[in-house]
Amino acid sequence: MGLFTQLTAAAIATTLTAGVAAAQDPTFFRIGTGSAGGTYFPIGGTIANGISAPPGSRPCDEGGQCGVPGLIAIAQSTTASVFNNTAVQNGELEAGMAAADVTRSMYLGEGKFDGKSHEKLRIVANLYPEDLHLVLPEGESIASLADLEGKRVGIAQAGSGTQVAVLQMLEKWGINRDNIDEAELNNSQSAERLADGQIDAYFYAAGWPVSAMVQLATTKGMELHSFTDEDLATINEAVPAYIPSTIPAGVYEGVDYDVSTPAVSALLVVSSDLSDDLVYGITSALWNDNTRKLLDNGHAKGKQITPDTALDGVMSLGVPLHPGAEKFYKEAGLLE
């Protein structure tokens, strides 16, 4: 019996309990995601579907939705991690998907966010690894990041965790905004510009396969830069939350080789202002069998979102779990 199955009865019961107060009136729950061409948006939409149970919907045990009764969760397209965490901190979003490194820096007020701590950020779950894609035109290659000097390079959009991390990485090779022609673009825009020859390379961290890159690979073709072990160690030194990973051969048409690249965890983050009962119900709904089916049948990264990995790296990150989520994990035997 799998862990999802073991948790199902308890998850449904606790979700019902947590949602009693909300059963009469709708409670809207906004989840900040990313651009439509990335991974945050489809995964966020699946999570929103799984935790929702609008007023008047058929009960879970009668084949209806198995989310928090009365909850209407909505996935909103945004510029990703930095924007989402800021909006959660300011009460403009109830939840957001965000990279672990950016979430840590923002919570603690470190690095780029020195003196601007986002103390309301709380974690619900680690979701999946986001692999850094350094995309090049078909047939092109570079020996190292130093070769990007003087090039037209997409560094992801402002407000994204990718941009923050990439600029930190590039500094290790002496690359900065002064010696590249940088382009602040989302993933879909970057793919279009690369296809049209308007940029020479672009970075994007996301769970593979990324839809905009799938389209690029099948139309114009592309290459992915594979980092050496030494480069990965340097990147880990610059951005400790980025660890070695692999994009397998065949994920993208024409990219018939394994790609060694750094990856960072994607998190589901909420505000400390949310009630323990609400977050307990949301966490329960996230890990029930109904949501499991939705994740398995949606974006490929959904299969990697499991209760077994929900706390991977979380306890050492320095950002607290929300007490409602912590209560669930303790009752489920996933946390002492």
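The values are calculated or read from the model by the stated rules, or taken from the named source; none is laboratory data. Computed from a predicted model, the values in this text were never measured in an experiment. All Cβ positions, even for glycine, are placed from backbone atoms using ideal geometry, and neighbour counts span all protein chains on display. For accessibility, only protein heavy atoms count, side chains too; no ligands or nucleic acids. Shrake-Rupley method; radii C 1.70, N 1.55, O 1.52, S 1.80 Å.
Which of the residues that make up segment 70-96 are over 18 Å from PRO320 (Cβ atoms) and aliphatic (A, V, I, L, M)? Selection gives LEU71, ILE72, ALA73, ILE74, ALA75, ALA80, VAL82, ALA87, LEU93.
Among the residues making up segment 41-68, a single one is in a helix (DSSP H, G or I) and among the hydroxyl-bearing types (Ser, Thr, Tyr): THR46. In segment 275-295, is there at least one residue being farther than 28 Å from SER52 by Cα, hydroxyl-bearing (Ser, Thr, Tyr) and not in a strand (DSSP E or B)? No, segment 275-295 contains no residue that is farther than 28 Å from SER52 by Cα, hydroxyl-bearing (Ser, Thr, Tyr) and not in a strand (DSSP E or B). Restricting LEU145, LEU121 to residues that are within 16 Å of the chain's Cα centre (by Cα), of a type outside the set (Ser, Thr, Tyr) and open to solvent by less than 60 Å² (accessible area, probe 1.4 Å) narrows the list to LEU121.
Residues in segment 92-107: is at least one open to solvent by less than 20 Å² (accessible area, probe 1.4 Å), hydroxyl-bearing (Ser, Thr, Tyr) and under 28 Å from THR291 (Cβ atoms)? Looking for residues that are open to solvent by less than 20 Å² (accessible area, probe 1.4 Å), hydroxyl-bearing (Ser, Thr, Tyr) and under 28 Å from THR291 (Cβ atoms), one finds at least one in segment 92-107, hence yes. If the condition is being part of a helix (DSSP H, G or I), among the polar types (S, T, N, Q) and more than 23 Å from GLU110 (Cβ to Cβ), then segment 158-201 contributes ASN187, SER188, GLN189, SER190. Step by step: first the residues of segment 290-306, then only those that are within 17 Å of TYR128 (Cβ to Cβ), touching a residue at least 40 places away in the same chain (Cβ under 8 Å) and over 16 Å from the mean Cα position of the chain (by Cα), then the one that is least open to solvent (accessible area, probe 1.4 Å). Which residue is that? The extreme case among them is THR291. A single member of GLY197, GLY250 is touching a strand residue (DSSP E or B) at 6+ places or on another chain (Cβ under 8 Å), over 30 Å from GLY318 (Cα atoms) and open to solvent by 10 Å² or more (accessible area, probe 1.4 Å), and it is GLY197.
Selection over segment 104-122 of residues that are in contact with a Gly (Cβ under 8 Å, 6 or more places away or on another chain) and part of a helix (DSSP H, G or I) gives a count of 4. Considering every residue within segment 131-142, establish whether at least one is of a type outside the set (Gly, Ala, Ser) and assigned to a helix (DSSP H, G or I). Checking segment 131-142: not a single residue is of a type outside the set (Gly, Ala, Ser) and assigned to a helix (DSSP H, G or I). Just one residue in the set ALA238, ALA266 is in contact (Cβ under 8 Å) with a residue 40 or more places away in the chain and surrounded by fewer than 20 Cβ atoms within 10 Å (Cβ to Cβ); that residue is ALA238. Within segment 91-107, residues that are closer than 15 Å to ALA206 by Cα and of a type in the set (Val, Ile, Thr) sit with their Cβ atoms under 7 Å from residues that are open to solvent by 10 Å² or more (accessible area, probe 1.4 Å) and assigned to a helix (DSSP H, G or I), at 6+ positions apart or across chains, in these pairs: VAL102/VAL82; VAL102/VAL164.
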